[in-house]
Amino acid sequence: MKQNVLITGGSRGIGAAAVLAFARAGYGVAFTWNAHANAAQEVLVRARQYNPDGIFLALHADAADAAQVTNAVHRAEQELGGLQALVCNAGIAQQKLFTDTTDEDWRQIMSVDLDGAFYACRAVLPGMIHRKYGRILLVSSMWGQTGGSCEVAYSAAKAGLIGLGKALAKEEGPSGITVNIVAPGVIDTDMMAGFTEEDRAALAEETPVGRLGTPEEIARTLVFLADPASGYITGQVLGLNGGLVI
């Protein structure tokens, strides 16, 4: 069976690594991007280099906009010929005291990190239910498991993804659809751009394996969970954090 995947937030970081990992695995790949057009184009070029015969689409869509997400899903289904997998990766983060968090801060993080996954899942499920097959993967965070000081809104949104994924796994299992959640730890992406070298070294030292994670490590796990052979794994939270959260 030909395998196609849609990845939200695929222009940078974990999302970009996921696009390339799925391309290498032979998938047709569509991914959404919002603010980084040049980065999205670069990912598209690299994906085509990995798999010259594959079909790859870069779709402009704001994860916080239900209509744009739904349109992206429908276009991916039409141009790829259906979707067997969905990776909800689009997200933003913010470090701020809870008492300084504004209504706008809260709503923005919730709308991108949590609402965006809801929109994508809702749009992709009719096709998966019809085919009696699907793989849905939600990218949460270790802070969704444990909570992070000065990242309350982000932690709440990522915890919401865990609840969404576990409940959806129970609801869609009879339709041949699995739903799993990955919870990365400290991953070396653009989200860490504001950290000093001293901060990064301290985080690496705090992590039992002694280093930061890479986007490629998360991407390989996503490809594994999306595989047809992983059909007995559902409703699970996989902590990819180097032992920082056990």
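The values are calculated or read from the model by the stated rules, or taken from the named source; none is laboratory data. Nothing here was measured: the structure is a model prediction, and the numbers come from that model. Glycine gets a Cβ as well: all are built from the backbone with ideal geometry, and neighbour counts include every protein chain shown. All accessible areas refer to the heavy atoms of the entire protein, side chains included, with ligands and DNA or RNA removed. Shrake-Rupley method; radii C 1.70, N 1.55, O 1.52, S 1.80 Å.
Using only the C-alpha atoms, the convex hull of the range 20-140 corresponds to 113 Å³ per residue. Result for the chain in a Gaussian network model with C-alpha springs under 10 Å: among P52, P215, P184, the largest mean-square fluctuation is at P52. Summed over the residues of the range 102-237 and divided among them, the accessible surface reaches 47 Å² per residue at a probe radius of 1.4 Å. Multiplying the residue separation of M1 and S149 by 0.36 nm and subtracting their alpha-carbon distance yields 48.8 nm. Note on Q78/R46: beta-carbon distance plugged into 1/(1 + (r/R0)^6) with R0 of 30 Å gives a FRET efficiency of 0.80.
Among K170, K96, K2, the order of accessible area from largest down is K170, K2, K96, computed with a 1.4 Å probe on protein heavy atoms.
A Cα-only calculation for the range 83-183 places Rg and Dmax at 14.4, 47 Å. The chymotrypsin sites (Phe, Trp or Tyr not before Pro) found in the range 192-244 that occupy coil by DSSP, while having at most 10 further C-beta atoms within 10 Å, are Y232. If a paramagnetic tag sat 7 Å from the Cα of Q108 along the Cα-Cβ line, which residues of the range 148-186 would have the backbone N under 14 Å from that point? Of the residues in the range 148-186, 153-154 have backbone N under 14 Å from the label point off Q108.
P(r) for the range 54-96, from all Cα pairs and a bin width of 10 Å, is 24, 51, 18, 6, 1 %, short bins first. Taking the chain as a Gaussian network of alpha-carbon nodes connected by springs under 10 Å, the highest mean-square fluctuation of the residues E197, E205, E216 belongs to E197.
Here the range 229-243 is scanned for amide nitrogen atoms under 19 Å from the site 7 Å beyond the Cα of E206 along Cα-to-Cβ, giving 239-243. Annotation: lysines with alpha-carbon distance below 22 angstrom to K166 (same-chain offsets under eight excluded): K132, K158. Here's how it looks for L238: its modeled amide H is under 5 Å from those of I181, V182, A183, which are all 5 or more places away or on a different chain.
Other residues whose C-beta falls under 11 angstrom from the C-beta of A35 contribute a net charge of 0, scoring Lys and Arg +1 and Asp and Glu -1. Here, the range 95-246 yields an orientationally averaged convex hull projection of 9.6 nm² when only Cα atoms define the hull. Comparing A159, A85, A93 in a Gaussian network model of the chain where C-alpha atoms under 10 Å apart are linked, the largest mean-square fluctuation is found at A93. The portion of the accessible surface of the chain made up by carbon and sulfur, rounded to a whole percent, is 53 (1.4 Å probe; DNA, RNA and ligands excluded).
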